[in-house]
Structure formats: structure tokens, C-alpha cells
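This report concerns only the one structure given below.
The values are calculated or read from the model by the stated rules, or taken from the named source; none is laboratory data. Keep in mind the model is a prediction, meaning the values are calculated, not measured. We place every Cβ from the backbone using ideal geometry, glycine too, and count neighbours over all the protein chains shown. These area figures cover heavy atoms from the full protein model, side chains too; ligands, DNA and RNA do not enter into them. Shrake-Rupley method; radii C 1.70, N 1.55, O 1.52, S 1.80 Å.
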Amino acid sequence: MPPASPFVASYRIDSGGHGVELPPADAAPPGNGYVWLHLDRGDPGAREWLSRESGLSPLVVQALLADDPRPRSVPMDHGLLVVARGANLNPGANPEDMVALRIWVEERRIITVRRRRLQSIEDVRIALAAGTGPVTPGAFVAFVLECLVTRLSEVIGDLAEDVDALEESMLAGELRELRASIAAVRREAVSLRRYLVPQREAFNRLFIERLPWLTDDDRLRLREQADRAARSVEDLELLRERAVVVQEELLSRVSEQMNRKMYVLAMVSVVFLPLGFITGLLGVNVGGVPGGQNPHAFWMLSGALAALVGVEVWLFRRAGWF
């Protein structure tokens, strides 16, 4: 029985952009084109292959197997290490729980390592099967980053729609559950920004690297993805500011409603304070209370209290309190 392959996917890619799947034992660079090897970081076989058979230095292997790497672009040894983050579009997952993709690029070989599935990798496999895949290692990196940025832009677009809905609810006066929705939007924006800002810097550094296998066309494509990543960060910052404005407006309206209610309660207290004083004074259990023997005293007192309320209301309206 042949040994299990340590690779999730392995391709030999020719100069026309067509990929042919390799057998598990064949990971050598081709005569022309390059090899792409894709591994799962959680697979012990993949870890074993990276440590013993990949020919990479321990420093590179450690970087490829790091638990929670931040996005970066670093020339190391004879290649280039790129760590990028993509939206988690797996079923039941939160998009802001971003998935790390580690890419090691050499002149004739590319190694990618992930822990969870990424749709961008599936896009590469589809392009290779159709014969429209990236023809050089630099084009491969640009293609993967383009897929990552495109899906992140879609996530940010969905977040923008959520902020639009919050603003519409605010204008319509629908304040119920609005605070929780604002908190969810801000939490998602913070989670995305945590990785998008360093990823923007990594992309900016990537296209200026002077590596012999990185062509001018590859650099132009990488620069375009760096610009798109920068725009994504700017869009995310704008969404955060809009969410803050909505939250401040919500707090202002809630405070206004609370002040209005407290004002009404204060007015009611002011109106009934003299009435309470009078009725309390007449209800003391001592002799000499006026009207105690008069059968019409209750109605007379009620009329006097009603008149007192009318006078108070007139005075408050005249003073502009009502």
C-alpha cells in the first residue's frame, strides 16, 4: 500500500499556466515551469516532510509552521516568505476570523501551508485545471493575493451594507437591538483591521523586492494588489468611523429620551407635591382638623385640590415649563 501523501495538493505547472497533479513521491522541480506544493499545517506528515525532506532551513520551516503569524513579506535564504490572511468563508465560520496562508517562493518551487481551507487556493486549482493558471512563481503569488483581496473586499462590502442598515434604522427611529448590532459591526471591523493593516505593509514591501525570478510584470501585478489592500484598509477605517457616528447618535437619542422621561416625572412630582403636603397635613391623627364634622368637606377639599392643580398648570405653562 503506497504511503499517504503529505500534500493537500501538488502540481507541476508549465509555462502555459496548465497544472498537472504530481504523484506523492514526485516533488522535484520540473525541467521548465515550477512546482507548487500545498500542505496542511495540522498534518503530522506535512510537518515531517517540511522538517526532513523539503530542504528548507529550520528558520524557514519554523516560520511556515508558526501558530498565529502576522502578515509579512521577508526575503530569507534563497527565497521569499509571504504570510497573508484571507477571510474565513468556511461554513459556519465568521469571515473576520481570518485564515493564515504561508507562502514560500523559490525560483522553481512554491510551498503553501494553511490550517483551514481557503477559497483562494481552490481558485488557483480551478485556474490550473483550465490552463489559465499563473505561469511564473511571481505571478502565482500575485494571483493568490488577488483572490485574497477580492474576497476581503466582498466581506468589507457586506460590512458596509450592515452599516447602511444601521443608519437607516437610526433615521427611522428603530432603536431596539441597535446597540448590539453596532457592537457586532465594530467588533468585526476591529478584527479585520488587526490583520489588514500589517498585510497592507507586507504587500507594499513585496513588490519592491529585487529577486531574480520576479519579473517586471509580476511587480506590476503585486503593486496593484498592494494598492487594493490599501484601499480596503481605508474603506474599513471609514466604516469604523461611520459605526462610531451611529453609536454616538444612538447614545444621544437614548439620552434625549431619558431626559424627556425624567422631565415628565419631575413635572408630575412638582404638581403633586403641594397636594401631598395638604392631604398629609389633613390626615394627621390629632384633634382640630377642619371639616371633620362637615359631610361636604371631602368634596370641598377635592374641588380645592383640583383648583390648585389648575393654577399650577397655568403657572408652569406661563413660565414655559410645559
(request) Filter the stretch 1-46 for residues that are assigned to a loop (DSSP other than H, G, I, E, B), in contact with a helix residue (DSSP H, G or I) (Cβ under 7 Å, 6 or more places away or on another chain) and either modelled with pLDDT under 85 or open to solvent by less than 30 Å² (accessible area, probe 1.4 Å) (or both) and give the result. (result) Ala4, Pro6
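Yes/no matrix, rows are residues, columns are (1) β-branched (Val, Ile, Thr); (2) at pLDDT 90 or above:
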residue	(1), (2)
Val105	yes, yes
Ile110	yes, yes
Arg114	no, yes
Val124	yes, yes
Gly131	no, no
Val149	yes, yes
Ser153	no, yes
Asp158	no, yes
Leu166	no, no
(request) Scan (1) loosely packed, with under 15 Cβ neighbours inside 10 Å; (2) touching a Gly at 6+ places or on another chain (Cβ under 7 Å) for the single condition Ser252 breaks and write down its number. (result) (2)
(message) With the structure loaded, tell me whether Arg176 is more than 24 Å from Arg219 (Cα to Cα), in contact with a strand residue (DSSP E or B) (Cβ under 9 Å, 6 or more places away or on another chain) and not in a helix (DSSP H, G or I) or whether it fails that test.
(response) no
(message) As an exercise: evaluate Ala142 against (1) out of contact with any helix residue (DSSP H, G or I) (no Cβ under 8 Å at 6 or more places or on another chain); (2) open to solvent by less than 30 Å² (accessible area, probe 1.4 Å) and give the number of the one condition it does not meet.
(response) (1)
(request) Could you run through the stretch 49-94 and say how many residues are touching a helix residue (DSSP H, G or I) at 6+ places or on another chain (Cβ under 7 Å) and either on the phi > 0 side of the Ramachandran plot or open to solvent by 40 Å² or more (accessible area, probe 1.4 Å) (or both)? (result) 5
(request) Can you run down the residue pairs with Cβ atoms below 7 Å, 6 or more apart or on separate chains, where the first is in the stretch 84-95 and farther than 14 Å from Leu159 by Cα and the partner is acidic (Asp, Glu) and open to solvent by 40 Å² or more (accessible area, probe 1.4 Å)? (result) Asn88/Asp97
(request) Working only within the stretch 166-178, note down all residues that are surrounded by 13 or more Cβ atoms within 10 Å (Cβ to Cβ) and of a type outside the set (Ser, Thr, Tyr). (result) Leu166, Glu167, Met170, Leu175, Leu178
(message) Can you pull out every residue in the stretch 95-117 that is open to solvent by less than 50 Å² (accessible area, probe 1.4 Å) and either over 20 Å from Ala139 (Cβ atoms) or touching a Lys or Arg at 6+ places or on another chain (Cβ under 9 Å) (or both)?
(response) Pro95, Glu96, Met98, Val99, Ala100, Leu101, Arg102, Ile111, Thr112, Val113, Arg114
(request) Take Pro274 and decide whether it is open to solvent by less than 60 Å² (accessible area, probe 1.4 Å), in a helix (DSSP H, G or I), of a type outside the set (Phe, Trp, Tyr) and under 30 Å from Ser302 (Cβ atoms). (result) yes
(request) For the stretch 198-231, name all the residues that are outside any helix (DSSP H, G or I) and either aliphatic (A, V, I, L, M) or under 12 Å from Leu80 (Cα atoms) (or both). (result) Phe207, Ile208, Glu209, Arg210, Leu211, Pro212, Trp213, Leu214
(request) Would you mention how many residues in the stretch 118-139 are touching a residue at least 12 places away in the same chain (Cβ under 8 Å) and either open to solvent by 40 Å² or more (accessible area, probe 1.4 Å) or of a type in the set (Lys, Arg) (or both)? (result) 5
(message) So in the stretch 188-230, with the set limited to residues that are of a type in the set (Lys, Arg) and without any contact (Cβ under 8 Å) to a residue 24 or more places away in the chain, which one is most open to solvent (accessible area, probe 1.4 Å)?
(response) Arg210
(request) Check Arg260 against each of (1) open to solvent by less than 100 Å² (accessible area, probe 1.4 Å); (2) over 30 Å from Tyr195 (Cα atoms) and name the one condition it does not meet. (result) (1)
(message) If Leu236 satisfies all but one of (1) open to solvent by less than 50 Å² (accessible area, probe 1.4 Å); (2) over 34 Å from the mean Cα position of the chain (by Cα); (3) under 30 Å from Glu174 (Cα atoms), what's the number of the condition it fails?
(response) (2)
